[in-house]
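Student: Below you'll find the structure I mean.
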Amino acid sequence: MAHPFLVKDIAFQAGVSTATVDRVLNDRAGVRPQTIARVKAAIRDLEKQAGMELQGRKYAIDVVMEAPERFTEAVRRAFESEATTFMPTIFRCRFHFAETMRSQEIAQLLDRIRLRGTDGIVLKAPDVPEVTAAVARLESARIAVVTLVTDLPHSARTAYAGADNRAAGETAAYLIGERFAHQAATVLVTISSNRFRGEEEREIGFRRILRARYPSIGIVEISEGYGKNEETGALALEALTCHPEINAAYSISGNRAVLAAFRRLDRTCSIFIAHDLDQDNLELLRDGRVHFVLHHDLRTDARTAFRAIMGRGATPAASGSQRLSAVEVITPYNLPLA
């Protein structure tokens, strides 16, 4: 595999040994397919960065996320795009993405990154003791940790980058409540997993506004589909079968599968509210199958993360000083420019 980069640079970017990189580059046996893919991805990342001016300070950061691929790819694009605006400072991002990970696996990955070395970690992970303990070890090693989209507020993290999740849930409740004008309705609420505090905060905000302002609207919740179409679709189909009164949806993930469940049962969804303007939701919004998307700018989150890592140790990140991303209500008529 021809390349213009030093083996040690590829190894650092991929998070593997130089011996492993040498075996991959020379097509030698004994390397797992997943590792080969990581090395090739590292070379592609380095190629993207090759045109940048290199006189500024360099930061190597690790972005660790448990999330569906459609969302992680949107995050990757946002971080790579925003990194170019910090020139001559260079942010070299290494991405560690998985659709599902056990909490212990996340903690072990964070420990490996800590021991290998990094200038900072951007983390989307469940709020569980194993993860918060790993974040504490990173803090003890003076490594910045910025939580992304879903927070770990009781951990030693440096900062949070993302939207006000309660406000997002409250906004969804308002849109649905006003749509039904105090008529009886039942909303299917889908979240990927109860382990994520951000999704829990959205649901809390959603329930609070419905209870306070629109008590005639009921809720049926499904979770633990992890944003995957097959799992989420099965849960949605079961809920719709058991609750024929459901006629609306507030879906945080797995939207195509939820819509497919409505179609399979020949049921009408009077209003469908989704989260995040990824490629799937963009198409669904344009096609009129999703009515509103609650969106916040991931590039703003990336900028917040980069600045927090650059300023590590300069100012304590008090929760009250966090600058949250604005939640926008997106329709087919006010799509953000690419």
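Student: Determine ³J(HN,Hα), in whole Hz, for all residues of segment 246-254 in sequence, where each value follows from phi through the Karplus function 6.51 cos²θ - 1.76 cosθ + 1.60 and θ = phi - 60°; x replaces Gly and Pro.
Tutor: With coefficients 6.51, -1.76 and 1.60, one gets 5, 9, 8, 9, 10, 10, 7, 7, x Hz.
Student: Add +1 for every Lys or Arg and -1 for every Asp or Glu among the other residues with Cβ under 14 Å from the Cβ of T304, and state the total.
Tutor: Result for the local shell: +2.
Student: What percent do you get for the relative contact order of the chain when only Cα pairs under 8 Å and 6+ apart count?
Tutor: This gives 15 percent for the chain.
Student: Answer with one residue from T190, G177, I222: the one whose Cα lies farthest towards the positive end of the charge dipole of segment 165-295, charges on Cβ with Lys, Arg +1 and Asp, Glu -1.
Tutor: G177
Student: Which peptide among 33-39, 163-169, 23-29 comes first, and what is the full order, when sorted by highest mean count of other Cβ atoms within 10 Å?
Tutor: Highest to lowest by the protection proxy: 163-169, 33-39, 23-29.
Student: Give me the percent relative contact order of segment 1-51, please, defined on Cα pairs under 8 angstrom at least 6 residues apart.
Tutor: Relative contact order of segment 1-51: 39 percent.
Student: Starting from the 7 Å offset along Cα-to-Cβ, what nm value, one decimal, do you get for the label separation of A234 and A136?
Tutor: Label at A234, label at A136, 3.7 nm between them.
Student: Another one. Starting with the highest mean, order 299-308, 225-234 by the number of other Cβ atoms within 10 Å, averaged over the residues of each peptide.
Tutor: The packing order, highest mean first, is 299-308, 225-234.
Student: On each of the three principal axes of the Cα atoms of the chain, give max minus min coordinate, whole Å, ordered largest first.
Tutor: 65, 46, 39
Student: A follow-up question, please. Would you grab the residues whose amide H sits under 5 Å from the one on V189? Only those 5+ places off in sequence or on another chain, please, with H modelled 1.01 Å from N.
Tutor: The list, which skips near neighbours in sequence, is V220, E221, I222, Y250.
Student: How far apart, in nm, are the 7 Å Cα→Cβ label points at R44 and A19?
Tutor: Distance between label points: 2.8 nm.
Student: Turning to a different aspect of this structure: Report, as a whole number in µm² per second, the diffusion coefficient that Stokes-Einstein gives for segment 1-51 at 25 °C and 0.890 mPa s using the Kirkwood radius over alpha carbon pairs.
Tutor: 230
Student: Moving on to the next point. Using the 10 angstrom Cβ neighbour count as an exposure proxy, how do E283, E201 rank, fewest first?
Tutor: Fewest to most other Cβ atoms nearby, the residues stand as E283, E201.
Student: Net charge near I217: determine it from the other residues with C-beta under 13 Å of the C-beta of I217, scoring Lys and Arg +1 and Asp and Glu -1.
Tutor: Here the charged neighbours net out to +3.
Student: Placing +1 at every Lys and Arg Cβ and -1 at every Asp and Glu Cβ, with all other atoms neutral, what dipole size does the chain have around its Cα centre, in debye to the nearest 20?
Tutor: Dipole size: approximately 820 debye.
Student: Can you give the calculated 222 nm mean residue ellipticity of the chain, where each DSSP H run of n ≥ 4 adds -39,500 (n - 2.57) and the sum is split over every residue, rounded to the nearest 500 deg cm²/dmol?
Tutor: The helix-only estimate for the chain comes to -14000 deg cm²/dmol at 222 nm.
Student: Please state the equivalent ellipsoid semi-axes for segment 51-191: what are the square roots of 5 times the Cα gyration tensor eigenvalues, largest first, in whole Å?
Tutor: 33, 20, 13
Student: What area, in nm² and to one decimal, does the C-alpha convex hull of segment 165-295 cast on average over all directions?
Tutor: About 6.8 nm², averaged over all directions.
Student: So who's got an amide H within less than 5 Å of the one on A60, skipping anything under 5 residues away but keeping other chains? H placed 1.01 Å off N, in plane.
Tutor: Amide H neighbours of A60: R92, D119.
Student: L277's amide H: which non-local residues (gap 5+, or another chain) put their own amide H closer than 5 Å, with H modeled 1.01 Å from N in plane and none for Pro or chain starts?
Tutor: Residues meeting the criterion, in which the H sits 1.01 Å from N, are H296.
The numbers here are math on the coordinates, done by the rules we state, and not lab data. Bear in mind that the values here come from a model prediction, so they are computed numbers and not experimental data. Note: ideal-geometry Cβ built from the backbone for every residue, glycine included; neighbour counts use all protein chains shown.
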